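Before I ask anything, let me first share the structure, which is written out below as structure tokens.
The values are calculated or read from the model by the stated rules, or taken from the named source; none is laboratory data. Every value quoted in this text rests on a predicted model; they were computed, and no experiment measured them. Using ideal geometry, Cβ is built from the backbone for each residue, glycine included, and neighbour counts are taken over all protein chains shown.
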Amino acid sequence: MLLPALALSSAFLAPHAASRALSTSKVAMNGGKGFGGGEATRDPAPTVIDPNDPKGKQQAIHKAESFAEYLAKRSAGGGAAPAAVGSVVPAPNAGTALVSDFTCTWLSASEKAALKATADALSAPNKGFLASDESAGPWLRAGHVDAAKVEDTAENRGAYRSMLYQAPDAPGLSEHISGVILHWETLFQSDAAGNKMVDLITRNGMIPGIKLDKGYDTAGIPGTAVGPLGHPETWDKGIDDLDARCKQAYAQGARFAKWRNVLQIDPVQGLPSDLAITLCVHNLAQYAVICQRSGLVPIVEPEIVPNGDHDISACAVATERVLVAQFEALKAHGCYLEGAVLKPNMVKNGLTGPKATPEEIAAATVTVLKRTVPVAMPGIFFLSGETALDEDNEEEATNNLNAINRLYPDLPWSVSFSYGKASQKTTIVTWMGDTANDPAAQQAILARSKANGDACQGKYVKGSCASVGVDGNILQAAGAY
Ligand code: 13P
């Protein structure tokens with residue numbers, strides 16, 4: 001049952017950003033920002049792409065009934081991309097083309113091509129993820145909404161999310177969002193009219209994905225120190241039945257997945273410890289290859305939470321240690337990097353530490369990424385993370401991403417967003433459990449997604465996207481998602 005809407009400031013009910021021009025989406029392999037390092041190698045097969053049909057590739061990915069069927073069609077000449085006029089884009093490993101990939105041989109060339117096609121579509125220029133995979137409980141915290149004001153039911157979660165996925169104004173959300181991360185509940189859910197959620201997403205030109213980690217127990221790793229989250233270091237549950245869940249998710253329409261592991265910073269106690277980093281990165285690497293075996297592109301998310309009073313240098317040191325270890329582990333497990341993407345934290349100060357500017361955050365983040373992330377991976381998508389209560393998390397996340405892309409316009413990956421909380425605060429406060437507010441809430445998610453798409457190009461104008469600001473902030477229990 002939906003609860004009545006609360007009184008809202010007219011600023012958030014008024015349609016905003018309604019008048020943006022319909023820009024022509026770029027075809028992924030046409031180059032442009034975010035596709036440095038060999039634009040012509042971004043397509044998986046010698047494929048003909050219609051530059052006037054930028055959604056063709058995504059549609060081809062959606063249409064596959066199962067991973068095996070998709071691969072069978074490809075080898076029979078069915079093709080992963082639409083037959084159309086346009087430029088022929090050669091691929092490195094297809095057909096009789098020059099073979100340049102001698103590792104990750106546990107995956108066939110077709111399997112790799114399929115994974116790469118999805119990873120490239122997800123990393124399309126100036127697009128990011130809508131992370132809407134919060135569990136019951138945290139989905140309201142993501143919007144900074146008190147559970148007393150919106151009932152935390154599966155029905156309400158479904159009503160809210162079906163509203164999100166259908167944000168209108170063609171081409172709507174898909175102009176800025178490539179992939180939507182779903183909770184397991186949502187993957188099998190339909191809206192009030194009986195439409196499957198995954199169909200709402202694919203119909204609107206986006207790719208559905210699935211969160212697969214099962215979170216962690218706060219009892220944590222025996223013997224590790226209690227960090228700023230108030231519990232020891234942790235590892236995630238969910239590997240045991242992951243293979244079966246990947247196959248189920250693919251059959252249901254998911255084409256990528258997410259797994260988030262949490263690490264804490266405490267320079268005095270030496271957190272994150274070497275042990276926690278090792279468990280975290282191998283857990284993620286194991287997840288990544290299990291996903292790839294079933295045709296799901298893994299989002300690899302080693303999140304170092306910002307809780308604590310450390311300065312930005314402590315986060316820089318920790319993030320570099322973690323990402324070096326992460327890519328070593330991915331290599332050890334045989335992960336196909338071209339068919340995977342990274343979701344890291346930005347390098348920032350601790351929540352109660354000395355505040356760094358967006359420019360300082362951009363410089364420190366880019367320094368660490370350049371030292372650690374191979375250019376074989378097509379995309380880096382930041383989580384938004386926790387912010388201090390006196391900060392507007394949506395605006396901060398957009399400004400920080402903007403600074404990265406404004407100051408460093410030639411990075412060799414698509415450097416983008418996968419925000420949950422920082423995408424949805426104003427939207428959920430506008431919605432507040434009343435379907436009468438759907439149109440206004442849809443304008444809010446569109447506006448913030450456009451702002452983040454602009455930030456991918458370094459052209460976001462600070463303060464130009466309407467936000468509830470800090471008013472909606474409530475204290476969040478960091479950690480669970
Ligand atoms: P944020 O809410 O911090 O952006 O996190 C998104 C997410 O997907 C975490 O795994």
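Residues that are within 16 Å of the ligand (Cβ to nearest atom), modelled with pLDDT of 95 or more, in a helix (DSSP H, G or I) and crowded, with 21+ Cβ neighbours inside 10 Å: does the range 359-381 have at least one?
Yes, there is a match, as at least one residue in the range 359-381 is within 16 Å of the ligand (Cβ to nearest atom), modelled with pLDDT of 95 or more, in a helix (DSSP H, G or I) and crowded, with 21+ Cβ neighbours inside 10 Å.
Is the range 383-390 home to any residue that is assigned by TED's automatic domain parsing to the domain that holds Ser273, away from the ligand (no atom under 16 Å from the Cβ) and crowded, with 18+ Cβ neighbours inside 10 Å?
There is no residue in the range 383-390 that is assigned by TED's automatic domain parsing to the domain that holds Ser273, away from the ligand (no atom under 16 Å from the Cβ) and crowded, with 18+ Cβ neighbours inside 10 Å.
Residue under question is Thr202, and the condition is that it be within 14 Å of the ligand (Cβ to nearest atom), in the same structural domain as Asp243 (by TED's automatic domain parsing) and outside any loop (DSSP other than H, G, I, E, B); does it hold?
When the stated conditions are applied, Thr202 does not pass them.
Next up: Can you tell me which residue within the range 165-190, out of those that are at pLDDT below 95 and part of a loop (DSSP other than H, G, I, E, B), is surrounded by the most Cβ atoms within 10 Å (Cβ to Cβ)?
In this case the residue turns out to be Ala167.
Examine the range 399-407 for a residue that is within 13 Å of the ligand (Cβ to nearest atom), out of contact with any Gly (no Cβ under 7 Å at 6 or more places or on another chain) and of a type in the set (A, V, I, L, M), and state whether such a residue exists.
To start, the set of residues in the range 399-407 that are within 13 Å of the ligand (Cβ to nearest atom) comprises 400-401.
Filter again for out of contact with any Gly (no Cβ under 7 Å at 6 or more places or on another chain), leaving 400-401.
Remaining after also requiring of a type in the set (A, V, I, L, M): 401.
Looking through the range 399-407, at least one residue is within 13 Å of the ligand (Cβ to nearest atom), out of contact with any Gly (no Cβ under 7 Å at 6 or more places or on another chain) and of a type in the set (A, V, I, L, M).
Got at least one residue in the range 244-256 being farther than 15 Å from Lys211 by Cβ, of a type in the set (Ser, Thr, Tyr) and in contact (Cβ under 8 Å) with a residue 24 or more places away in the chain?
no
What do you reckon, is Ala225 outside any loop (DSSP other than H, G, I, E, B), in the same structural domain as Pro306 (by TED's automatic domain parsing) and among the hydrophobic types (A, V, I, L, M, F, W, C)? Spell out how you get there, then give the answer.
On the way: outside any loop (DSSP other than H, G, I, E, B): no; in the same structural domain as Pro306 (by TED's automatic domain parsing): yes; among the hydrophobic types (A, V, I, L, M, F, W, C): yes.
It is false that Ala225 is outside any loop (DSSP other than H, G, I, E, B), in the same structural domain as Pro306 (by TED's automatic domain parsing) and among the hydrophobic types (A, V, I, L, M, F, W, C).
Here is a further query. Can you name every one of the helices (runs of 4 or more DSSP H) wholly within the range 391-481 that holds 1 or more residues which are modelled with pLDDT of 95 or more and in contact with a His (Cβ under 6 Å, 6 or more places away or on another chain)?
Correct list: 438-455.
Checking Arg203 against (1) closer than 22 Å to Phe129 by Cα; (2) surrounded by 21 or more Cβ atoms within 10 Å (Cβ to Cβ); (3) over 19 Å from the mean Cα position of the chain (by Cα), which test does it fail?
Answer for Arg203: the failing condition is (2).
Matching residues to (1) more than 19 Å from the chain's Cα centre (by Cα); (2) farther than 24 Å from Ser384 by Cα; (3) more than 16 Å from the ligand (Cβ to nearest atom):
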residue: Pro232; (1), (2), (3): yes, no, yes
residue: Arg245; (1), (2), (3): yes, yes, yes
residue: Arg260; (1), (2), (3): no, no, no
residue: Gln292; (1), (2), (3): no, yes, yes
residue: Val300; (1), (2), (3): no, no, no
residue: Ser313; (1), (2), (3): yes, no, yes
residue: Leu323; (1), (2), (3): no, no, yes
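Just one of (1) touching a strand residue (DSSP E or B) at 6+ places or on another chain (Cβ under 7 Å); (2) within 16 Å of the ligand (Cβ to nearest atom); (3) closer than 28 Å to Pro232 by Cβ trips up Ala318, so point out which.
Condition not satisfied by Ala318: (2).
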